[in-house]
Amino acid sequence: MPQADPIFQQLPRTPGVHSRCENLHASTKFKMIIIGMGSNVTSRWGDSYRTIAEGLNQLEGAGIPILRHSRFYRTSPLGPADQPDYFNAAAIIGTSLPAIALLSLLKKIETAAGRRSSVRWGPRALDIDILDYNRQILNWQNRRCQRFKCNEFRLILPHPGIESRPFVLQPLQDIAPYWHHPVYGLNPAQFLARLRGVKMGRIIDTVSDTYPLIQNLQSLHEPEKIAT
């Protein structure tokens with residue numbers, strides 16, 4: 001019998017945090033992955049709230065179950081200040097796809113939402129990052145490379161910068177409070193305690209404590225499904 005992943009042990013029933021299919025983590029078919037999502041400009045699917053929701057819908061339409069997702073938060077930009085506030089969320093997903101194949105799918109979803117190449121940390125319709133892929137450590141020594149110098153390292157695991165970004169850590173705290181960074185060994189609450197007073201990327205407010213089920217938003221629009 002597969003052992004329960006410690007991330008799922010004693011998961012709190014947090015208001016506004018949607019959880020379903022939690023027993024899927026015990027299946028040998030799926031690897032446990034955490035993704036982070038952000039948006040701060042209107043996409044082909046609507047405002048940032050609907051864009052992130054539809055991004056989750058697109059994952060499920062591609063056969064990747066959403067095991068648990070966080071509240072949505074409004075956050076201050078990490079990069080240039082002259083841009084709209086962000087909406088951010090995180091989710092635990094299950095898939096048998098290799099990490100690089102999952103990354104390719106996430107990029108297709110971003111493109112379908114209308115994301116285009118932009119300045120680093122600039123406005124974007126949709127950003128989806130693999131934060132942790134089954135605790136794998138990959139290309140970590142290259143995490144400080146500039147993007148244009150590191151095309152051969154498209155995927156770095158865990159995602160660089162988790163430890164310094166409140167807009168990543170607070171949603172992560174919602175869905176995986178017992179997760180520990182594979183390199184640094186700290187959990188989301190411990191990282192957040194170190195970031196008190198940080199202005200860039202801070203949480204401004206919670207968008208909704210009663211976030212609707214993702215599938216309830218599917219009737220708002222019927223975008224083209226993404227092929228895996």
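With respect to the conditions (1) closer than 21 Å to residue 143 by Cα; (2) modelled with pLDDT of 95 or more, residue 200 falls short on a single one, namely (2).
Across region 152-187, the number of residues qualifying as among the basic types (Lys, Arg) and modelled with pLDDT of 95 or more comes to 1. Out of all the residues in region 29-57, which are within 20 Å of residue 135 (Cβ to Cβ), of a type outside the set (A, V, I, L, M) and surrounded by 22 or more Cβ atoms within 10 Å (Cβ to Cβ)? The one that is within 20 Å of residue 135 (Cβ to Cβ), of a type outside the set (A, V, I, L, M) and surrounded by 22 or more Cβ atoms within 10 Å (Cβ to Cβ): 36. Search region 196-207 for residues that are closer than 14 Å to residue 169 by Cβ and touching a residue at least 60 places away in the same chain (Cβ under 8 Å) and pair each with any residue that is surrounded by 12 or more Cβ atoms within 10 Å (Cβ to Cβ) and among the basic types (Lys, Arg) when their beta-carbon atoms are under 9 Å apart and the residues are at least 6 apart or on different chains. Pairs found: 200/165; 201/165; 203/74. Being on the phi < 0 side of the Ramachandran plot, surrounded by fewer than 20 Cβ atoms within 10 Å (Cβ to Cβ) and in contact with a strand residue (DSSP E or B) (Cβ under 7 Å, 6 or more places away or on another chain) holds for only one residue in 131, 138, and it is 138. Could you tell me whether residue 126 is at pLDDT 95 or above and in contact with an Asp or Glu (Cβ under 7 Å, 6 or more places away or on another chain)? Spelling it out, residue 126 is indeed at pLDDT 95 or above and in contact with an Asp or Glu (Cβ under 7 Å, 6 or more places away or on another chain). Take residue 106 and tell me if it is within 14 Å of the chain's Cα centre (by Cα) and modelled with pLDDT of 90 or more. Yes, satisfied. Taking the criterion of being more than 13 Å from the chain's Cα centre (by Cα), buried (at least 22 other Cβ atoms within 10 Å of the Cβ) and of a type in the set (Lys, Arg), no residue of region 58-94 qualifies.
The values are calculated or read from the model by the stated rules, or taken from the named source; none is laboratory data. Nothing here was measured: the structure is a model prediction, and the numbers come from that model. Heads up, the Cβs are rebuilt from the backbone with ideal geometry, glycines too, and the neighbour counts pull from every protein chain shown.
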